[in-house]
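Structure record follows, encoded as structure tokens.
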Amino acid sequence: MKVIVVGCTHAGTAAVEQILQKHPETDVTVYEREDNIAFLSCGIALYLGRIVNNLEDMFYADPTTLEGYGAKVHMKHNVLKIDSKNKKIIVQDLQTQEITEDTYDKLIMSTGSEVGIPPIGGMDNPRVLLCKSYAQAKKIYESALNYPSIAIVGAGYVGVELAESYANTVHEVTLIQSREQILNNYVDDGLSETIIEKLKEHDVKVRLGERVAEIVDGDQLTIKTKAGNAYKADLVIVCTGFFANTDLLRGQVQMDGYGALLVNDYMQTSDPDIYGAGDSCVVKFNPTGEIKYIPLATQAVRQGTLAGINVFGDIRKYMGTQATTGMEIFGYTLAETGLTLKKALASGMNADMVVYHDYYRPTYMPTTDMLTIYLIYDKDTRRVLGAQLFSKHEVAQSANAISICIQNNNTIDDLAYVDMLFQPNYDNPFNYLNLVAQQAIAKEDGE
């Protein structure tokens, strides 16, 4: 069988490794238009903040890795057209400009996502940069060395992480967000306010409810907002989200309204010989059961692996996602999974939330840290829907534990009394996850 993989970051790399480890006789050909594969864009902020010294350390594989498995890897080759009816593609070598054809039995579309370019005047200014790829990260790093003031447009994970990185490298930072809170896809208002305070403590200027209309050139750039305000900066980095890179299959397979590939439980598109994986396709969001577009590296490696398994038949189903994520900000860990209360209510659920705030381990220990947990649950079914955790203590793995609860449809009653270890170095006789669920039970039962 001949498999063509179009695009090779997380999903494509995982698919190739899976196919050739289990079925080394398979003819696998990779076409990638960049000169690199397997770049961890989540590490860009670590590099910009001087925590990681070499951006090249963010590559966890290279073309020779895949060639070692037996794949034919064509770098700097741009696929111009996919003819799904005749199972062939047209490819251009970006170095020689030569155009060739190739054919496949199965095709894996792992073309990833592109940075969304908002309708803002002045986006073509060379001091206005985007942030996702290796080349973009290098350009941001080199540009920031010469500019003391930086404005970041968009306060999702990428924007907030960049704001922290540049605050730590003594830049003057302005963070501009169109909504009335930051991290709106991940946390509720209260935790947003807590993180904003941490940003302000490190001299980051946070501007909420400000939609950028235009960026005007000059000695300094002027960022004009639709609210009529103007902010100055030497460099602007735009981080306003991503969209699926799927134009090659438009009109040939089913997509959602945003252009992401619709896939079944086995990662097949509506064409049974074409599979989608990673940022090019949708996910099943388990807290609501909805099909959504949530581009995350965690999903890319899982979907890529599953595509590599299922090109040989309907073998292993996709489990869906809770969109579990985490970040470190000024020495604190923020981790979240599932729904925020605001999004749960917007989905039509009869949801509620409790907030737990206490020390993560006994106060008789030499040191301890405060911990905040927002636990969201369905009042009708008592099912756990989501959680947000924030502490100087490492709470990222606790978000993973809540993710498992959501995956398995566990209730607040399950979480309240599930067995967890007790050792004073780590927690109290009831772990803090038990305690926040007991708080939710008390609220529901009127105790």
Review point. Which residue pairs have Cβ atoms under 7 Å apart, sit 6 or more places apart or on different chains, and have a first residue in region 187-203 that is free of Cβ contacts under 8 Å to residues at least 12 places away in the same chain and a second that is not small (Gly, Ala, Ser)?
Key: SER192/GLN181; SER192/ILE182; SER192/LEU183; LYS200/VAL206
Review point. Which one is farthest from PHE285 (Cα to Cα), of the residues in region 340-373 that are under 27 Å from the mean Cα position of the chain (by Cα) and of a type in the set (D, E, K, R)?
Key: ASP352
**Study point:** Test result for TYR417, among the aromatic types (Phe, Trp, Tyr) and without any contact (Cβ under 8 Å) to a residue 40 or more places away in the chain
**Key:** yes
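Per-residue answers, yes or no, for (1) in contact with a His (Cβ under 6 Å, 6 or more places away or on another chain); (2) within 30 Å of VAL204 (Cα to Cα); (3) outside the structural domain of GLU394 (by TED's automatic domain parsing); (4) not acidic (Asp, Glu):
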site	(1), (2), (3), (4)
GLN268	no, no, yes, yes
ASN286	no, no, yes, yes
PRO295	no, yes, yes, yes
VAL301	yes, no, yes, yes
MET319	no, no, yes, yes
THR340	no, yes, no, yes
MET349	no, no, no, yes
Check your understanding: Within region 420-447, which residues are free of Cβ contacts under 8 Å to residues at least 60 places away in the same chain and not hydrophobic (A, V, I, L, M, F, W, C)?
Key -> GLN423, PRO429, ASN431, ASN434, GLN438, ASP445, GLY446, GLU447
Check your understanding: Which of (1) among the β-branched types (Val, Ile, Thr); (2) within 23 Å of the chain's Cα centre (by Cα); (3) assigned to a helix (DSSP H, G or I) is the odd one out, the single condition VAL436 does not satisfy?
Key -> (2)
Check your understanding: Here are some conditions: (1) touching an Asp or Glu at 6+ places or on another chain (Cβ under 7 Å); (2) over 30 Å from PRO118 (Cβ atoms). ALA244 meets all but one. Which one does it not meet?
Key -> (2)
Exercise for review: Can you give me the ranges of the strands (runs of 3 or more DSSP E) entirely in region 278-391 with at least 2 residues that are closer than 30 Å to LEU46 by Cα?
Suggested key: 283-285, 325-329, 332-338, 351-359, 370-378, 384-391
**Study point:** So THR65, is it under 25 Å from the mean Cα position of the chain (by Cα), of a type in the set (Ser, Thr, Tyr) and not in a loop (DSSP other than H, G, I, E, B)
**Key:** yes
Review point. Which one of these does ASN400 not meet: (1) of a type outside the set (Val, Ile, Thr); (2) part of a helix (DSSP H, G or I); (3) in contact with a helix residue (DSSP H, G or I) (Cβ under 9 Å, 6 or more places away or on another chain)?
Key: (3)
Point to revise | Count - residues of region 98-116 that are more than 25 Å from PHE39 (Cα to Cα) and surrounded by fewer than 21 Cβ atoms within 10 Å (Cβ to Cβ) | key: 7
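For every residue, the table says whether it meets (1) touching a residue at least 60 places away in the same chain (Cβ under 8 Å); (2) farther than 30 Å from ALA163 by Cα; (3) among the hydroxyl-bearing types (Ser, Thr, Tyr).
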{"site": "MET1", "(1), (2), (3)": "yes, yes, no"}
{"site": "ALA14", "(1), (2), (3)": "yes, yes, no"}
{"site": "ALA38", "(1), (2), (3)": "no, no, no"}
{"site": "TYR69", "(1), (2), (3)": "no, yes, yes"}
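The values are calculated or read from the model by the stated rules, or taken from the named source; none is laboratory data. Everything numeric in this text was worked out from a predicted model, so none of it was measured. Cβ: placed from backbone, ideal geometry, glycine included. Neighbour counts: every protein chain shown.
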